Amino acid sequence: MRQPHSLTMHTIEIDGVVLGGDAGVSNGTLTVDVIAVTALVLEDPRIAGVEIEIARPGESTRIVHCLDAVEPRTKIGEGSVFPGFLGGMETVGQGETLRLAGVSVLVASRYPQPFSGLLQAREAVVDMSGDTAVYSPFSRVANVVLALTPNPDIENDDYDDAVRRASLRTAEYLAGTAADHEPDDTTVWDFSDQDPDLPKVVYFYQLQGQGRMADTFLYGHDIHNLVPTLIHPNEVLDGAIVSGVYVYACYKNPTYLHQNNPIIWELQARHGKDMNFAGVIINRGHNYTQADKERSSHWAAKLAEFIGADGAILTAEGGGNSAIDMMLACQYMEQAGIKTTVVSSEAAGADGYDFPLFYTVPEADAIVSIGSEDEVIAMPKVERVIGGDTLLDTETPAIGPFDLKMYFHYCGTNQLGANVLVGREF
Amino acid sequence: MVRIAHYINQFFAGIGGEEKADAPFEVRDGAVGPGRAIEMALGAEGEIIQTLVCGDNSFHADAEANIEAVIASLGRSKPDLLIAGPAFNAGRYGLACGAVCAAVSERLGIPTITGLFPEAPAVDVYRSRTVMVPTGDSAAGMKGAVEVLVRTGMRLAQGEQLRPADVDGRIPMGFRRSWVTDIPVAHRATEMLLAKLRGDAFASEVALPEGAEAIPPAAAVAELSSATIALVTEGGLVPEDNPDRIESSSATKWARYPISMLERNENPSFKSIHAGYDSQWVDADPDRMVPLDALKALAAEGVIGGVHDYFYATTGTGTTVTHGERMGDEIAKQLISDGVHAVIVTST
């Protein structure tokens, strides 16, 4: 019988990626079979074309139109990564999984039809080297970029699904090419032993669920009607959560960072040492009404109380609307005696003189900053651009130079804590 | 070698104390008074090429003329850096240092630095316009003050970027900016939480705001049946070509449009340029954002006196408080001068 809360993760460290014909891993180098991946992606008639390129750290390379990034993973034995999208409908977080560390499958594309209003795929840029590399965590991994061309005859919603399946299927395929390779590390993740002498810490994990182009998927289903729910950290790390958030780039949480959530990694590493990792409460951000916000936030605080949490770390996804949901949850948890720290981006204006937070509660006295989303960054000319020739909306030549607001830097102020920026007083 | 100009008052120039506070502006070659200590700290890295001296009273008696004299002098000598003071906790001297530094930075593009006691009156006035380093409250702290002035001043003169105020050892200038750290967010968040759980001291990376200003609601409209009502929205509803170029987010502009134009809603038709909500239903029927139809019906029934001839629009997403307050003030003044009695503000 399977141990339901135990996940065995095999890691192969990848320090080089090349395109070639002989797929698999050798001496730390992943060879991507271009013909095989092209054929896999083009099985979907909603995609008219794909160009596969590698963007490596240190190269004078810029990636534009980034939609999602996924770490290559495959299940060993039973099951499938990303259930709800691939394989059958079952839960993950147990059994054995193989991951290729240091690589992302990054899908870049325009959409076939024009957008209107809020819910549109917006520009998202990664620079792989130079001073501007600090504005995306994806400058620090090798990206297998799938630059897609849509079938012009289909609707955006349909294409959205095609984009997501292309990256997930490619990620599973690439990990599968290394399935018989000896892993560099094997770790069993199991949080069932709780030390009664250590404080219990819960993770309040907000997911954006605002509508198409700003959706997150839980086991293949959007989260519009999700009430705060307990989920095992292993499920998150094993592909239960898939991103479809393509709006403002600086604060979206791509699938790769759900699979490698830095907060979960940290709590897992400290479990049993100076705290107990008591669980994860996923919840929808961007609830539309005040009543819905209070309902969701009270519910999350109640769940944290149920599991006996002493403390909580809270993260959000999105802008001001989502910040309100997180801050209310902070308030209700503190009122229930649960200590909190809140991770927040800053919006003090381009010159930094305004108050930096969208919304606060007096209980939010422990805030960790992930930097300003309002600054404007001077982007240099680069040697190579992947994903498109011009930027979305402005149609500025993507090769540069140009000025780019932080909003459009891919995960520049990532709310899961994947990037390196912090807001400071100057 | 870095060429430095130095500004001091009559006391530090050796002219005299309060009785000489009306000493006029003058320029001397080389270092004077504390300038000699600055040159000692500079060593071979730099020199003071000239010292600008002005009495505390005479500076403020005609600050404009004295600043013009400073600008004219430094415009000719073109130093790499201006150091003013240090002025410690002095009132008039500190304010003169701040004013001179601000003008030289802004008009000549020359980096400037002064040293002040953190609670000196000039700090709040000029902190955003010149670099300041903290000093003690009296000249007894001259040696330490000179060292930090020179260390930070030389960085500025060599064109180096500012670092966070505590890293540079500066008085904060009042703005925040992103900085690169090698301590991961998750680690900082967990450390802060565990400190909080233990009851240990911890430092939030963002301070909570001062209590917000309370806005009392306006008095109720006494005679609704004779009141002119205006419509104002932050929903981004504009003519389709957005003639006033109102931003989709982080707006700095507002505009007003005739309600006759909105009622016609063709050539141009209206649409929302707001980037914070799904505007397709507003585009299909702008009354959903700016309820002109309902208000006109109430006017026809005599419930209200009339609808104001213009509606006002901006975009309310990512807008800073500073711009929000300014735009609200401007719109309110215009409405009052047009004789509007009450406003319905529709929000997204």
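The values are calculated or read from the model by the stated rules, or taken from the named source; none is laboratory data. Because the structure is predicted, anything quoted here is derived from the model rather than measured. Glycine also receives a Cβ, built like all others from the backbone with ideal geometry; neighbour counts cover every protein chain displayed. Quick note on the areas: whole protein, heavy atoms, side chains included, nothing else; ligands and nucleic acids left out. Shrake-Rupley method; radii C 1.70, N 1.55, O 1.52, S 1.80 Å.
Of all the stretches in chain B, which is the longest one without any exposed loop site, taking GluC sites (Glu not before Pro) in a DSSP loop (any state but H, G, I, E, B) with at most 11 other Cβ atoms within 10 Å? That gives B:1-118 as the longest site-free run. Computed extension length for A:LEU42-A:THR394: 123.8 nm, one decimal, from 0.36 nm per residue of separation with the Cα-Cα distance subtracted.
Converting phi to 3J(HN,Hα) with the Karplus coefficients 6.51, -1.76 and 1.60 and the offset θ = phi - 60°, the stretch A:196-203 yields x, 8, 9, x, 9, 10, 10, 10 Hz in sequence order, with x at every glycine or proline.
Counted without the sites themselves, the longest stretch of chain A free of GluC sites (Glu not before Pro) in a DSSP loop having at most 14 other beta carbon atoms within 10 Å is A:156-382. For peptide A:358-370, the mean count of partner chain Cβ atoms within 10 Å of a residue's Cβ comes to 5. In this structure B:ARG326 has an accessible area near 80 Å², from a 1.4 Å probe over the protein heavy atoms. Counting DSSP beta bridges with both partners in the protein assembly as shown, what percentage is antiparallel, nearest 5? Within the protein assembly as shown, antiparallel bridges account for around 45 percent of the total. Take every pair of alpha-carbon atoms less than 8 Å apart whose residues are at least six positions apart; their mean separation over the length of chain B yields a relative contact order of 13 percent. Roughly what angle does helix B:292-301 make with the longest principal axis of chain B, taking Cα atoms, 0 to 90 degrees, to the nearest 10? Tilt of helix B:292-301: around 60 degrees.
Note on the stretch B:2-168: dipole from Cβ charges, positive end direction compared against B:GLY33, B:VAL104, B:SER138; the farthest Cα belongs to B:VAL104. Comparing Cα centroids, the stretch B:124-170 and the stretch A:269-340 end up 42 angstrom apart. Dipole size of chain A about its Cα centre, with +1 on Lys/Arg Cβ and -1 on Asp/Glu Cβ: approximately 300 debye, rounded to the nearest 20. Computed from backbone phi, the HN-Hα couplings of the stretch A:388-396 come to x, 8, 10, 6, 4, 6, 7, 6, 5 Hz, rounded to whole numbers (Karplus: 6.51 cos²θ - 1.76 cosθ + 1.60, θ = phi - 60°; Gly and Pro given as x). Comparing A:VAL247, A:LEU19, A:THR91 along the charge dipole axis of the stretch A:6-408, the residue lying farthest to the positive side is A:VAL247, per the Cβ-charge model. For the stretch A:251-282, backbone nitrogen atoms closer than 12 Å to the point 7 Å from A:ASP185 Cα along Cα-to-C-beta are found at A:265-266, A:269. For B:VAL131, the residues whose modelled amide H falls within less than 5 Å of its own, excluding neighbours fewer than 5 places apart on the same chain, are B:THR112, B:THR114.
Oblate is the label for chain A. Its Cα gyration tensor axes, ordered a ≥ b ≥ c, give a/c of at least 1.5 and b/c at or above a/b. Scalar couplings 3J(HN,Hα) for the stretch A:239-254, obtained by applying the Karplus form with A = 6.51, B = -1.76, C = 1.60 to θ = phi - 60°, are x, 5, 10, 10, 8, x, 9, 10, 7, 4, 5, 5, 10, 9, 10, x Hz; x denotes Gly and Pro.
Taken about its Cα centre, the protein assembly as shown carries a charge dipole of roughly 1120 debye when the Cβ of each Lys and Arg holds +1 and the Cβ of each Asp and Glu holds -1.
Among the chymotrypsin sites (Phe, Trp or Tyr not before Pro) in the stretch A:246-324, those placed in a DSSP loop whose Cβ has at most 12 other Cβ atoms within 10 Å are A:TYR288. What is the distance in Å between the Cα centres of the stretch A:374-398 and the stretch A:1-50? Between the Cα centre of the stretch A:374-398 and that of the stretch A:1-50, the gap is 28 Å. Computed from the Cβ-Cβ distance with R0 of 22 Å, the FRET efficiency linking A:HIS5 to A:ASP274 stands at 0.55. Taking +1 at the Cβ of each Lys and Arg and -1 at the Cβ of each Asp and Glu, which of A:PRO397, A:THR229, A:ALA69 sits farthest along the dipole of the stretch A:6-408 towards its positive end, judged by Cα position relative to the Cα centre? Going by the Cα projections, it comes out as A:THR229.
Rolling a 1.4 Å probe over the protein chains gives A:SER243 an accessible area of about 0 Å². Centre-to-centre, using Cα atoms only, the stretch A:64-135 and the stretch B:37-70 are separated by 60 Å. Amide H contacts for B:MET173 (H built 1.01 Å from N in the peptide plane; partners 5 or more residues away or on another chain; cut-off under 5 Å): A:PHE426. Taking all protein chains as shown and a probe of 1.4 angstrom, B:MET192 keeps an accessible surface of around 10 Å². Measuring nothing but how far apart in sequence close Cα pairs (under 8 Å, 6+ apart) lie, relative to its length, chain A scores a relative contact order of 19 percent.
Let me have the 222 nm mean residue ellipticity of the protein assembly as shown computed from DSSP H runs of 4+ only, each contributing -39500 (n - 2.57), with the sum over all residues rounded to the nearest 500.
-8000 deg cm²/dmol
Note on B:ALA218 and A:ASP153: the model spin-label points, each 7 Å out from Cα along the C-beta direction, lie 5.8 nm apart. Mean sequence separation of contacting Cα pairs (under 8 Å, at least six apart), scaled by the length of the stretch A:338-426, corresponds to a relative contact order of 30 percent. Expressed to the nearest 5 percent, the antiparallel share of DSSP beta bridges inside the stretch A:6-408 is 50 percent. Here the stretch A:1-89 is treated with +1 on each Lys and Arg Cβ and -1 on each Asp and Glu Cβ, and its dipole about the Cα centre works out to around 300 debye. With the Cα gyration tensor of the stretch B:224-346 giving a ≥ b ≥ c as the square roots of its eigenvalues, does the rule (a/c under 1.5 for rounded; else a/b larger than b/c for prolate; else oblate) give rounded, prolate or oblate? Oblate, since a/c reaches 1.5 and b/c is not below a/b.
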